[in-house]
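One structure is given below, encoded as structure tokens.
The values are calculated or read from the model by the stated rules, or taken from the named source; none is laboratory data. What you see is a predicted model; the values in this text were computed from it and never measured. So basically every Cβ, Gly included, is an ideal-geometry build from the backbone, and we count neighbours across all protein chains shown. The area values use the complete protein model at the heavy-atom level, side chains included, leaving out ligands, DNA and RNA. Shrake-Rupley method; radii C 1.70, N 1.55, O 1.52, S 1.80 Å.
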Amino acid sequence: MNTIPSTLDDRKPTYTVVGGHRAQACPDGSPVSVLLLNRGPRLSRASMLDELLSAGFQSVVSVDAGDPPPELETLSGRFPQVRFVFLREKAGPGDMVNAGMRESCGPYVLVLWNDQRLASSTLSSRFLDRVVELDSAVLVPELRDVGGSLLPSVMHPAMEGAHIRVIGLPPKGDGEKSVFPFDYAGIYSKARFSLLGGYDWTIEKPHWQKMDFGFRSWLMGERILHAQALKLNYQGTVDADDATADASYGRFWLKNLGPLFRDDKAYLPSSRLFRFLLRSGLGLFGSVSEFRQARSWVKHNQYRFRQDAARVVQLWDPLE
């Protein structure tokens, strides 16, 4: 597999940016900008962008992992506040967020998909103040499906024997903890996202990529919390993640569940190799190579850890 990245700049995928001259796309005094991720059928982009700008957002970055739409020239002329980013190579959701975050403005970035809509027509100044007060790596929204039912989008960790799993539950209150952002959506602190290294592009499965980012956030002393005033509604079906334990899970496990925290630093003990070998499916040489990469990554980041996964679960109090 590819070498484990430690910073957001360890990989810079090739992409094209159209429209949104920096002076127009990054106005002063805008605390929250928007990162719009595009997937599936190309829904009406103009109406979506109109809604976001009418809600009070002054800057939008729209990211596609495909070819530009035929109406791009018209859109870029109509919306000078919007920067359209097109990734030129194969890219998953994590790549899209990483690239879009580089191009986004302001200290906070609202990440959402083109099949999600804000439930309110605007975000109040009080809510924007609350974003700063909660002081988190990510604030995750309340999410409802196309029929209006509340989704179990706040993720809680649980011990299952010697294993850790996550359980999705409907949000209970403002400031409730979540292991990771459901479907990548939420208001991100751009600075914290960058310090954490963003999403690990070498973990291909979205479920394990989100688990990796979320656990890494908690292990390194950051928080991911539910923001009650942030509400998004899906306009289509919500696909379930594939949580099969494969190579993506193995890399997640080595980076997050394997390390121990002692004497103000983390380390990946040699004893973890045998356990990883039994489950990795990579064979002896593949498992040893993957383990060495993970051990090197943990050592490089050893002083950034504030706890290990067992402690995260033991001390988990959702509304603490």
The chain, accessible surface, carbon-and-sulfur percent (1.4 angstrom probe): 52
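Quick one: compute the contact order of region 217-319, relative version, from alpha carbon pairs under 8 angstrom and 6+ residues apart, as a percent. Present the calculation step by step, with values, prior to reporting the outcome.
On the way: 97 pairs, mean separation 37.8, N = 103.
So the answer I get is 37 percent.
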Cβ-defined net charge surrounding Y267, 9 Å radius [Lys, Arg +1; Asp, Glu -1]: +4
Inter-centroid distance (Cα atoms) of region 146-205 relative to region 239-302, Å: 20
Å² of accessible area per residue within the chain, as computed with a 1.4 Å probe and no ligands counted: 45
Backbone HN-Hα couplings from phi across region 315-320 [Karplus 6.51/-1.76/1.60, Hz, Gly and Pro as x]: 9, 5, 10, x, 10, 5
Fluctuation leader among G168, G197, G77 - the chain, Gaussian network, Cα springs under 10 angstrom: G77
Aspartates and glutamates with Cα under 16 Å of K90, excluding same-chain neighbours fewer than 8 positions away: D64, D67, D200, E204
